[in-house]
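Beneath this line is the structure, given in structure tokens, with notes to follow.
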Amino acid sequence: MAWEAVVIGLLAGVVAGLAFGRWGRGGDGGGAGGRELDRRLAGISDSLDRRLVDLDRRLYLGLDSVQDAQARAADTAAQVRERVAVVAGVAEQVLEQARGLSRLEDLLRPPQARGAVGELLLEQLLAQGLPGNAYRTQHLFRSGARVDAVLLVGEAMVAVDSKFPLEAFARMSTTADGDAARALHRRAFVRDARRHIDAIADKYICPDEGTYDFALCYLPSEAVFYEFLREDTPGDSCWRYAVERRVFPTSPTTLYAYLVSIGVGLKGLRVEENARRVLDALAALRGDLDGFRTHFELVGRHLGRARDRWQDAASRLDRFDGRLADAAGRATELDRRNGGEEVEGEAPIPRALPDPDPGLTGTG
């Protein structure tokens with residue numbers, strides 16, 4: 001707008017100057033002053049032409065910039081529209097999920113439905129934290145009571161219950177802090193929690209049926225677990241009451257930690273059992289080795305006696321061989337004498353020679 005005002009003012013000045021010059025030339029008949037004026041007007045016209053060209057170029061460049069800005073603005077607007085569409089779709093999905101959650105809440109309003117969901121979640125946690133042979137679901141006691149699951153730890157079981165009453169907690173969670181109705185719902189929650197703890201202790205802690213002297217109470221959410229830990233008066237809480245009855249409340253997080261710890265303990269028990277088997281096998285091998293050593297020493301003693309007898313027999317055989325050679329020499333001499341004349345002054349050699357070694361009866 002500033003440039004346009006300058007251009008318009010310049011054009012107006014030019015027009016006025018031309019009109020004044022023509023008027024002056026008409027008055028003096030076209031003298032030297034008129035020519036000077038024409039020269040100046042021509043210079044001004046050239047200057048205006050150059051400035052108009054420069055102004056036109058700048059306006060053209062400014063128009064390109066404006067067009068580029070408009071194009072970028074159009075692209076940005078298109079992107080904004082796309083993102084708004086995406087956000088609208090996400091918002092619609094959120095609303096649909098909210099409606100689904102509302103329907104799910106209506107479905108889970110009956111206690112039986114909530115109990116079934118709690119049992120399903122408990123089974124998922126057990127499957128993730130323990131091997132399949134370390135737990136059993138829906139265990140039946142002799143009294144007819146059926147617990148949701150039992151953990152098989154060593155030679156005994158740990159009962160796990162997941163059916164917790166949530167009606168009072170649901171009413172309490174819908175009221176604001178400081179409201180008188182919330183205090184009433186809190187007292188109802190504590191009363192229901194203690195009744196449930198008593199039921200678990202009475203029905204599922206049965207050492208005579210192979211359980212430990214404690215049980216686990218699975219709470220479906222961390223919020224309910226927090227209400228268990230709260231103390232309305234110092235030293236008085238649902239948690240303390242449950243521990244006194246040997247029932248330990250667990251949330252999904254703490255139960256998983258318990259299961260992981262139990263799984264590690266079971267692995268340790270298996271390692272200990274395998275080590276005991278290895279030690280028993282080594283003890284059996286030691287017994288076999290001792291028996292073999294006894295037989296080996298006996299065989300060695302027999303071989304030593306046999307060697308001694310063999311050496312004695314060999315010595316006696318050598319002596320017998322020497323004496324036999326002497327006897328053979330004497331026999332030859334006897335034959336020679338008996339076959340010819342007797343030597344004068346010598347006694348005749350007998351036909352039978354006595355045994356030179358009466359104790360020699362054989363080779364041993």
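All of the numbers you see were taken from the coordinates with simple rules; none came from a lab. Everything numeric here is computed off the predicted structure, so don't read it as measured data. Because the Cβ atoms are built from the backbone with ideal geometry, glycine has one as well, and the counts that use them run over all protein chains shown.
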For R191 and A156, extending 7 Å from Cα along the Cα-Cβ vector and measuring point to point gives, in nm, a value of 3.5
Calculated over segment 194-241: convex hull of Cα atoms, volume per residue (Å³):
81
Can you pull the percent of Cα pairs in segment 145-185 with separation above 17 Å?
54
Take the Cα atoms of segment 143-279, build their convex hull, and give its volume per residue in Å³.
118
Return the distance in nm (one decimal) between the two label points of a simple spin-label model at Q138 and S173, each offset 7 Å from Cα along Cα→Cβ.
2.8
Starting at the first residue of segment 317-334, write each ³J(HN,Hα) from the Karplus equation 6.51 cos²θ - 1.76 cosθ + 1.60 with θ = phi - 60°, in whole Hz, x for Gly and Pro.
5, 5, 4, 5, 5, x, 5, 5, 5, 4, 5, 5, x, 5, 4, 5, 5, 5
The set of residues whose placed amide H lies less than 5 Å from the amide H of F248, leaving out same-chain residues fewer than 5 positions away, is A215, L216, C217
Using each residue's phi in segment 56-67, evaluate 6.51 cos²θ - 1.76 cosθ + 1.60 at θ = phi - 60° and report the 3J(HN,Hα) Karplus result to the nearest Hz, with x for Gly and Pro.
5, 5, 5, 5, 5, 5, x, 5, 4, 4, 5, 5
Spelling out what I want: for every residue of segment 162-178, take phi, set θ = phi - 60°, compute 6.51 cos²θ - 1.76 cosθ + 1.60 (Karplus), and round to whole Hz; glycine and proline get x.
10, 9, 9, x, 10, 4, 5, 5, 4, 5, 5, 6, 8, 10, 7, 5, x
Counting only residues 5 or more apart in sequence or on a different chain, those whose built amide H sits under 5 Å from that of Y135 are L152
Normalised alpha carbon radius of gyration of segment 239-310 [divisor 2.2 N^0.38 Å]
2.56
Listed by chain and number, the residues whose amide H is under 5 Å from that of A156, excluding neighbours fewer than 5 places away on the same chain and using placed H, are none
Counting pairwise Cα distances across segment 123-199, what percent come out greater than 18 angstrom?
56
Extension gain, E272 back to A88 (0.36 nm per residue minus Cα-Cα distance, nm):
60.1 nm
